[in-house]
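*Asks:* Starting off with a structure, shown below.
The values are calculated or read from the model by the stated rules, or taken from the named source; none is laboratory data. Given the structure is predicted, the values throughout are model-derived calculations rather than measurements. Note: ideal-geometry Cβ built from the backbone for every residue, glycine included; neighbour counts use all protein chains shown.
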Amino acid sequence: MSLKSWVLAIVAYGLALTPLIASAQPRVELTIGMYRIVAEVAADEPSRERGLMFRQHLGANEGMVFVFPVAGRQCMWMKNTPIALSVAFLDEAGRILNVEEMAPLTLDSHCAAAPARYALEMPGGWFRERGIGPGTRIEGLEALK
C-alpha cells in the first residue's frame, strides 16, 4: 500500500470515529416530572464550544446539558449543527427560565431571559410537545456541581 493510500485510510478511519468520539462525553440522567433524559455533559470550554455540532441524530429523550462556571447571560447558536434543537435555559436551582427553538445551521443567538447556570438542548420541539416551560424544575443537576 502506498503512503498516499495509508494517509487516506487513516483520515477515513478518523472521520468514521468522529460520531463515536463526539458521543464519548460524560452523561447524566435528568428528570422533568415523569420524563427521563440522558444528557451528555458539556462542562468545560472546549465541550461547550463543540456542543452538538455535526450530529445527524439525537434520540427522543437524549440531549446535552451545558454547565457554565457562573450564572450569567448565556447564549447558544447552531453553527455546524444540522438538526433542529430546543434549548431550555436554567437558573442555579435548575428551574427553566425560558425555552428557545433553534433552526439548524444558523448563527442566530438564542439567549437566556435571566442569568442562567445551565442550558439543556433537546430535539426540536421537545419541551413544547410535553407542555414543559418556564418555572419547571429539572432534577439531577446537583450531580454536576
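*Asks:* What are the residues in region 112-145 that are under 16 Å from the mean Cα position of the chain (by Cα) and loosely packed, with under 15 Cβ neighbours inside 10 Å, if any? Steps first, answer last, please.
*Replies:* Of the residues in region 112-145, the ones under 16 Å from the mean Cα position of the chain (by Cα) are 112, 116-127, 138, 140-141, 144.
Passing the criteria: only Gly125.
*Asks:* Please specify each residue of region 86-145 satisfying the condition of being in contact with a Phe, Trp or Tyr (Cβ under 8 Å, 6 or more places away or on another chain), more than 15 Å from Ala39 (Cβ to Cβ) and either at pLDDT below 95 or hydroxyl-bearing (Ser, Thr, Tyr) (or both).
*Replies:* Thr106, Ser109
*Asks:* Would you please name the residue that is nearest to Glu129 (Cα to Cα), looking only at residues in region 34-61 that are in a strand (DSSP E or B) and in contact (Cβ under 8 Å) with a residue 40 or more places away in the chain? Explain how you work it out, then say what you get.
*Replies:* Just the residues of region 34-61 that are in a strand (DSSP E or B), to begin with: 35-42.
So of that shortlist, the ones also in contact (Cβ under 8 Å) with a residue 40 or more places away in the chain come out as 35, 37, 39, 41.
On the way: Tyr35: 12, Ile37: 15, Ala39: 18, Val41: 23 Å.
That would be Tyr35.
*Asks:* Would you confirm whether any residue within region 78-92 is touching a residue at least 40 places away in the same chain (Cβ under 8 Å) and surrounded by fewer than 19 Cβ atoms within 10 Å (Cβ to Cβ)?
*Replies:* Within region 78-92, the subset touching a residue at least 40 places away in the same chain (Cβ under 8 Å) is 83-84, 86, 88, 90.
With surrounded by fewer than 19 Cβ atoms within 10 Å (Cβ to Cβ) added as a condition, the list becomes 83-84.
Yes, because at least one residue in region 78-92 is touching a residue at least 40 places away in the same chain (Cβ under 8 Å) and surrounded by fewer than 19 Cβ atoms within 10 Å (Cβ to Cβ).
For every residue, the table says whether it meets (1) modelled with pLDDT of 95 or more; (2) in contact with a Pro (Cβ under 8 Å, 6 or more places away or on another chain); (3) not hydroxyl-bearing (Ser, Thr, Tyr).
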position	(1), (2), (3)
Ser5	no, no, no
Leu30	yes, no, yes
Met34	yes, no, yes
Val38	yes, no, yes
Arg50	yes, no, yes
Ala60	no, yes, yes
Phe66	yes, no, yes
